[in-house]
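The values are calculated or read from the model by the stated rules, or taken from the named source; none is laboratory data. Note that this is a predicted model, so its numbers are computed, not measured. Cβ placement follows ideal geometry from the backbone for every residue including glycine, while neighbour counts extend to all protein chains displayed. When the accessible area is computed, the model is the full protein with side chains, heavy atoms only, and any ligands, DNA or RNA have been set aside. Shrake-Rupley method; radii C 1.70, N 1.55, O 1.52, S 1.80 Å.
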Amino acid sequence: MTQILYGPRLGKEGQLRVGCSAVIFDEKREKVLLTQRTDNGRWCLPGGHMESGESAAEACEREVWEETGLKVHATRLLGVYSNPDQLVIYKDGNKAFFVVLNFEVQVLEGKLGLSDETTAFGWFSLEEMETMPIHANHKIRVEDALLGGDAVMK
């Protein structure tokens, strides 16, 4: 199981990794697509790590495709997130410190479905997220997305 630990500057113990996440709004822009992770059961925005040789937008679009079956286009950078007090430890023992780029994306085509990384999906409002086990700071990313405006850095 993937663990997330918190402590003063604990992120220094991890290898720096770049990640991405995608905010996909419903038609009314009131709810956001979340997926439930296979590894820890927490709900999250679709996303993952960036691979060498791809742009940040391409990484986001690829991760959404892999996790949901939806082809998307990244339309806007919503924010850049890093927490120096957070360390991700994978089941193989690797440790990571993430800088995550959060994008708003538009669905182009595809059928929403599950993958080997997800056990469920659904559309949720901020109010509904209050009682859900949400992965790391994904709810904050949704809040920032709903505020609109310029990209945030946290």
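Here the label points at Ser125 and Ile89, each 7 Å from Cα along the C-beta direction, are separated by 3.9 nm in the simple model. For the chain, the Cys residues with no second cysteine's beta carbon closer than 4.7 Å are Cys44.
Sparsely packed loop sites in the stretch 34-103 (the trypsin sites (Lys or Arg not before Pro) outside DSSP H, G, I, E and B with at most 16 other Cβ atoms within 10 Å) comprise Lys91. In this structure, Met153 and Lys28 have a Cβ-Cβ separation that, at R0 = 41 Å, corresponds to a calculated FRET efficiency of about 0.90. Per atom type, the stretch 47-104 shows carbon and sulfur on 53% of its accessible surface, probed at 1.4 Å. Compute log10 of I(q)/I(0) for the stretch 58-118 with the Debye formula, placing one identical point scatterer on every Cα and leaving out solvent, at q = 0.28 Å⁻¹, to two decimals. Normalising to I(0) and taking log10 leaves -1.08. Averaged over residues, the count of other Cβ atoms within 10 Å places the peptides 132-144, 49-61 in the sequence 132-144, 49-61, highest first.
Taken one residue at a time, the phi angles of the stretch 48-64 give Karplus couplings (6.51, -1.76, 1.60, θ = phi - 60°) of x, 8, 7, 9, 4, x, 10, 6, 4, 5, 5, 4, 4, 4, 5, 4, 4 Hz. Gly and Pro are set to x. In sequence order, the stretch 73-90 has phi-based couplings of 10, 6, 9, 7, 7, 8, x, 10, 10, 8, 9, x, 9, 10, 10, 9, 10, 7 Hz under the Karplus curve 6.51 cos²θ - 1.76 cosθ + 1.60, θ = phi - 60°, and Gly or Pro positions carry x. Considering only alpha-carbon pairs that sit under 8 angstrom and 6 or more positions apart, the relative contact order computed for the stretch 1-113 is 39 percent. Here the extension length gained between Gln106 and Met132 equals 6.9 nm, from 0.36 nm per residue of separation less the Cα-Cα distance. On full extension, the segment bounded by Arg76 and Val18 gains 19.1 nm, given 0.36 nm per residue less the C-alpha separation.
For the chain, the mean residue ellipticity at 222 nm estimated from helices alone is -5000 deg cm²/dmol, where every DSSP H run of n ≥ 4 contributes -39500 (n - 2.57) and the total is divided by all residues, rounded to the nearest 500.
In order along the stretch 108-113, the phi-based Karplus estimate (6.51 cos²θ - 1.76 cosθ + 1.60, θ = phi - 60°) of 3J(HN,Hα) comes to 9, 6, x, 10, 4, x Hz; Gly and Pro are listed as x. Would you work out which of Trp43, Leu101, Thr118 lies farthest towards the positive end of the dipole of the stretch 24-154? Charges go on Cβ: Lys and Arg +1, Asp and Glu -1. It is Trp43. Mind checking the angle between helix 138-147 and the chain's longest principal axis? C-alpha axes, 0 to 90 degrees, to the nearest 10. Long axis of 138-147 versus the principal axis of the chain: about 50 degrees. Net charge dipole, the chain: roughly 360 debye, given to the nearest 20, about the Cα centre with Cβ charges of +1 for Lys and Arg and -1 for Asp and Glu. Summed over the residues of the stretch 46-92 and divided among them, the accessible surface reaches 47 Å² per residue at a probe radius of 1.4 Å. Its Cα centre serving as origin, the stretch 64-104 has a Cβ charge dipole (Lys and Arg +1, Asp and Glu -1) of approximately 60 debye.
Estimate the FRET efficiency between Ile140 and Ser52 by the formula 1/(1 + (r/R0)^6), using the beta-carbon distance for r and 35 Å for R0, to the nearest 0.05.
E between Ile140 and Ser52, to the nearest 0.05, is 0.80.
With all protein chains in place and a 1.4 Å probe, the accessible surface of the stretch 1-46 carries 48 percent carbon and sulfur.
Database remark: amide H of Met50 closer than 5 angstrom to the amide H of Val18, Gly19, Cys20 (H placed geometrically; neighbours at sequence offset of 5 or more, or on other chains; Pro and chain starts carry no H). Once mean projected area of the Cα convex hull in nm² is calculated for the structure shown, the corresponding label among (1) 11.9; (2) 8.9; (3) 7.6 turns out to be (2). Compared with the alpha-carbon gap, the fully stretched path from Tyr6 to Trp65 is longer by 18.2 nm at 0.36 nm per residue.
For the chain, the tally of Lys pairs with Cα-Cα distances below 16 Å comes to 4, considering only residues 8 or more apart or on different chains.
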